[in-house]
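The values are calculated or read from the model by the stated rules, or taken from the named source; none is laboratory data. None of these values were measured; they are calculated from a predicted model. For neighbour counting, all protein chains shown are included, and Cβ atoms are generated from backbone atoms with ideal geometry for every residue, glycine included.
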Amino acid sequence: MWYLCVFFHRVLDYRKPEVESLAYLFGVNDALEWKLPKHHHPDSPFHFVNLPSEDIARSIANRIWITNAYWFAKADNNLPPWRPGLKEVFDAIICDPPYGVRASGRKSGGRKLLKGVLDPYTVPDDKRVGHIPSTAPYCLSECVHDLLDLAGRILVMGGRLVYFYPVLREDSTRNPFPEHLCFKLVASSEQILSSRYSRVLLTMVKIGLYTEEIAETARRNHLEFRENHLKWLEDGNLHS
């Protein structure tokens, strides 16, 4: 019987072997037969596979993880769309923030929006085609502050925050990494970018509940951390 597989990642060299390995696990000893839907390109995410029974198809579908749909929400962490009361819903955040070594980060909002002259607004339907949103510079300290603040709110206890962070290789600071009362740093792995700069993969575990007091402390730490970042800009070429 033919079953439709939807590969949301199109690297079929990894996708087909997993289905075949699971089929073998459930007793299918013969090679699987594959075919494309009519008029589909070989790179299509849709493929038919011939399986001996519905029970085997169901067993494979329950085991395989790469054929599940992973949906994306595109948003700006500086202007998050989440409702204010949303807390402790994710197990992990893994990201590569725009830390400004090769390209500067940008955030939503032009001068009027950032100065409070205009409130956030929705672009009318008749003006969405070809619309280019206004943006503003997004410095490292503000980006990391927003990331830690968001992670503190929406990660479950014991959840992990994993992200890259740039450092000066000759920096003698005892602890050059961001800190937050909700998190404990458990691992750091350096990747050398040049003779002057590195980026470090930081792994933090959430150990404390997110409270208004912690949010206020995080804001004060943000200001202090921003001063250190400004010194980097004066001494080197780490773009904000």
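Checked against (1) assigned by TED's automatic domain parsing to the domain that holds residue 152; (2) under 28 Å from the mean Cα position of the chain (by Cα); (3) at pLDDT 80 or above; (4) not hydrophobic (A, V, I, L, M, F, W, C), residue 110 passes all but a single condition, namely (3).
Kindly indicate which of 146, 119 is assigned to a loop (DSSP other than H, G, I, E, B), modelled with pLDDT under 90 and acidic (Asp, Glu).
119
For the stretch 208-215, the condition of being touching a strand residue (DSSP E or B) at 6+ places or on another chain (Cβ under 9 Å), among the charged types (D, E, K, R) and more than 20 Å from residue 140 (Cβ to Cβ) holds for none of the residues.
Criterion first (at pLDDT 80 or above, under 30 Å from residue 210 (Cα atoms) and either touching a helix residue (DSSP H, G or I) at 6+ places or on another chain (Cβ under 9 Å) or assigned by TED's automatic domain parsing to the domain that holds residue 182 (or both)) does residue 97 satisfy it? For residue 97, the condition - at pLDDT 80 or above, under 30 Å from residue 210 (Cα atoms) and either touching a helix residue (DSSP H, G or I) at 6+ places or on another chain (Cβ under 9 Å) or assigned by TED's automatic domain parsing to the domain that holds residue 182 (or both) - is met. The strands (runs of 3 or more DSSP E) found entirely in the stretch 154-212 that carry 1 or more residues being over 19 Å from the mean Cα position of the chain (by Cα), within 30 Å of residue 86 (Cβ to Cβ) and basic (Lys, Arg) are 183-192. Scanning the stretch 43-59 for residues that are part of a loop (DSSP other than H, G, I, E, B) and surrounded by 14 or more Cβ atoms within 10 Å (Cβ to Cβ) returns 44, 45, 51, 52.
When we screen 186, 162 for residues that are within 15 Å of residue 97 (Cβ to Cβ), surrounded by fewer than 17 Cβ atoms within 10 Å (Cβ to Cβ) and at pLDDT 90 or above, the only hit is 162.
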